[in-house]
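Notes to accompany the following structure.
The values are calculated or read from the model by the stated rules, or taken from the named source; none is laboratory data. None of these values were measured; they are calculated from a predicted model. A quick note on method: Cβ atoms are made from the backbone with ideal geometry, for glycine too, and the neighbour counts reach across all protein chains shown.
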Amino acid sequence: MRTPTFALAGTALITTLALLTGCGGQEDQASAAIPAEAKQKAQALITPLTGKPGAFPITEPLKNRVPAGTRIAYVDNGNALVSLIYKLMQPAAAKLGVDLYAVRAGTSASGVQSAFSTVVQQRPAAVINTAIDPALWNNQRKELVAAGIPVISLGTVAGADSGLVQPNGEAAFERQGRLQAAFLVATNDKAVDAVLYVHNELAYGTAVRRGFEEGLKELCPDCSARVVQIPIAEVGNKAPERIVSDLRANTGTDAIAFQSSAVATGLPARLKVAGLEKIQIVGANPLPTNLQYLKDKQATVELGADLNTLAWTAIDTAARLITKQQPQQNVLDGEALVQQFLRPEDITFDPSRGFSAYPDVAERFAALWG
């Protein structure tokens with residue numbers, strides 16, 4: 001049954017990456033009912049995040065104040081979302097009394113390496129990176145770790161031996177995929193033929209894909225999923241055309257899921273022209289534009305990520321590492337990301353200001369920092 005959100009640009013062709021097979025062909029899958037038990041399991045996964053956000057991520061007080069004059073470097077590659085995170089961090093840095101400064105990097109590998117080399121030379125008290133793949137600055141990562149400079153990396157999936165602290169790492173992204181799959185199972189009566197649009201240039205896409213594929217297969221073996229690559233360079237321009245073309249070529253598709261809803265910019269109008277506006281859309285990490293689409297009922301649901309709280313969490317994590325205090329376990333495990341399923345009726349706030357699960361985030365951290 002049908003019902004009516006960071007990295008370097010690259011170039012790639014749309015490729016079908018995976019296919020979860022169920023019993024029989026597409027027509028058999030479309031007619032297969034989702035068992036009530038499966039729907040109940042899926043509903044149990046999404047209910048805690050429906051109509052309310054996940055728990056506030058940080059609860060332990062900061063034991064020692066950060067020394068005056070502490071400098072924290074932020075590498076900004078000019079991507080809109082990366083720059084937004086830097087902006088969101090500034091009030092947190094001011095509240096903590098640290099000097100947060102940006103080191104500009106271009107979108108090329110050489111630009112990224114040059115920026116991180118500059119950071120190595122500057123020897124700040126800590127470094128914060130957002131979504132720039134550590135593989136692109138591996139040598140500089142090793143130098144920073146060897147120098148004992150803490151590196152907090154948001155939106156990356158480096159291994160445990162990387163020396164990076166990743167508050168929203170692989171576990172959070174795999175969970176995103178599982179939650180999106182669970183939503184489809186919980187809200188449909190018959191097996192779904194879904195497509196997940198990903199960006200190979202964003203390292204965390206592999207974790208989202210794994211969570212989505214495995215989650216859908218476990219909950220609904222008769223459901224199926226294609227995983228299709230959309231080049232990150234086409235977000236905001238050619239992506240809607242690629243998506244509509246893919247949907248026309250795969251007419252049995254019931255639902256769309258996004259690794260990042262930024263790819264949907266301009267998509268609702270294209271879907272309407274193509275007569276596909278009733279297809280189910282399960283987004284994630286929405287930008288203000290996506291939230292406006294949702295408010296206008298041009299999408300089904302968005303798995304919102306509270307970037308403001310994440311920005312404060314990154315500064316808090318830096319403070320703890322600088323003062324030799326162990327970060328909380330959820331931060332070390334990469335699970336300190338606040339999420340919430342947002343429905344059209346949940347957009348009672350100004351979409352242009354983005355999603356904020358905890359508007360009192362400053363007061364909460366101020367209390368923890370003393």
What about residue 147, is it within 30 Å of residue 356 (Cβ to Cβ) and in contact with a helix residue (DSSP H, G or I) (Cβ under 8 Å, 6 or more places away or on another chain)? no
Checking the conditions here, which among 202, 196 is assigned to a strand (DSSP E or B) and either surrounded by fewer than 24 Cβ atoms within 10 Å (Cβ to Cβ) or within 17 Å of the chain's Cα centre (by Cα) (or both)? 196
Kindly indicate whether any position in the range 169-179 is more than 15 Å from the chain's Cα centre (by Cα) and hydrophobic (A, V, I, L, M, F, W, C). no
Check on residue 5, surrounded by 14 or more Cβ atoms within 10 Å (Cβ to Cβ), modelled with pLDDT of 95 or more and either within 19 Å of residue 180 (Cα to Cα) or touching a strand residue (DSSP E or B) at 6+ places or on another chain (Cβ under 9 Å) (or both): no
Condition check: at pLDDT 95 or above, farther than 29 Å from residue 117 by Cα, among the charged types (D, E, K, R) and in contact with a helix residue (DSSP H, G or I) (Cβ under 9 Å, 6 or more places away or on another chain). Does residue 39 satisfy that? yes
What about residue 219, is it aliphatic (A, V, I, L, M), out of contact with any Gly (no Cβ under 9 Å at 6 or more places or on another chain), buried (at least 19 other Cβ atoms within 10 Å of the Cβ) and modelled with pLDDT of 95 or more? yes
Subset of the range 333-344, residues assigned to a loop (DSSP other than H, G, I, E, B), crowded, with 22+ Cβ neighbours inside 10 Å and either at negative phi or touching a Ser or Thr at 6+ places or on another chain (Cβ under 6 Å) (or both), comes to 336, 337, 338
Qualifying positions in the range 215-254 - within 18 Å of the chain's Cα centre (by Cα) and either part of a strand (DSSP E or B) or more than 30 Å from residue 80 (Cα to Cα) (or both): 215, 227, 228, 229
Anything in the range 72-100 that is closer than 19 Å to residue 123 by Cα and either loosely packed, with under 14 Cβ neighbours inside 10 Å or modelled with pLDDT under 95 (or both)? List them, or say none. 76
For the range 100-128, what are the residues that are within 16 Å of residue 85 (Cα to Cα) and charged (D, E, K, R)? 104
Reported set for the range 272-294 where residues are part of a helix (DSSP H, G or I), surrounded by fewer than 22 Cβ atoms within 10 Å (Cβ to Cβ) and hydrophobic (A, V, I, L, M, F, W, C) is 273
Can you tell me which residue in the range 295-332 is surrounded by the most Cβ atoms within 10 Å (Cβ to Cβ), limited to those that are in contact with a helix residue (DSSP H, G or I) (Cβ under 6 Å, 6 or more places away or on another chain) and assigned to a loop (DSSP other than H, G, I, E, B)? 299
Taking the range 228-239 only, how many residues are crowded, with 23+ Cβ neighbours inside 10 Å and under 21 Å from residue 251 (Cα atoms)? 2
Give the residues of the range 142-184 that are among the small types (Gly, Ala, Ser), on the phi < 0 side of the Ramachandran plot and outside any helix (DSSP H, G or I), sorted by residue number. 147, 153, 158, 159, 169
If we scan the range 51-59, do we find a residue that is assigned to a helix (DSSP H, G or I), within 19 Å of residue 313 (Cβ to Cβ) and of a type outside the set (A, V, I, L, M)? no
Going by what's in this entry, would residue 34 be described as surrounded by 13 or more Cβ atoms within 10 Å (Cβ to Cβ) and either modelled with pLDDT of 55 or more or on the phi > 0 side of the Ramachandran plot (or both)? yes
Quickly run through the range 155-178 and pick out the residues that are under 16 Å from residue 54 (Cβ atoms), touching a Leu at 6+ places or on another chain (Cβ under 8 Å) and either surrounded by fewer than 24 Cβ atoms within 10 Å (Cβ to Cβ) or of a type in the set (Asp, Glu) (or both). 178
Filter result (farther than 18 Å from residue 203 by Cβ, out of contact with any strand residue (DSSP E or B) (no Cβ under 8 Å at 6 or more places or on another chain) and assigned to a loop (DSSP other than H, G, I, E, B)) within the range 93-141: 97, 106, 123
Flagged in the range 269-304 as in contact with a Ser or Thr (Cβ under 7 Å, 6 or more places away or on another chain) and closer than 26 Å to residue 83 by Cβ, in numbering order, are 283, 284, 285, 286, 287, 288, 289, 290, 302
If I go through the range 345-362 residue by residue, how many of them are assigned to a helix (DSSP H, G or I) and surrounded by fewer than 16 Cβ atoms within 10 Å (Cβ to Cβ)? 4
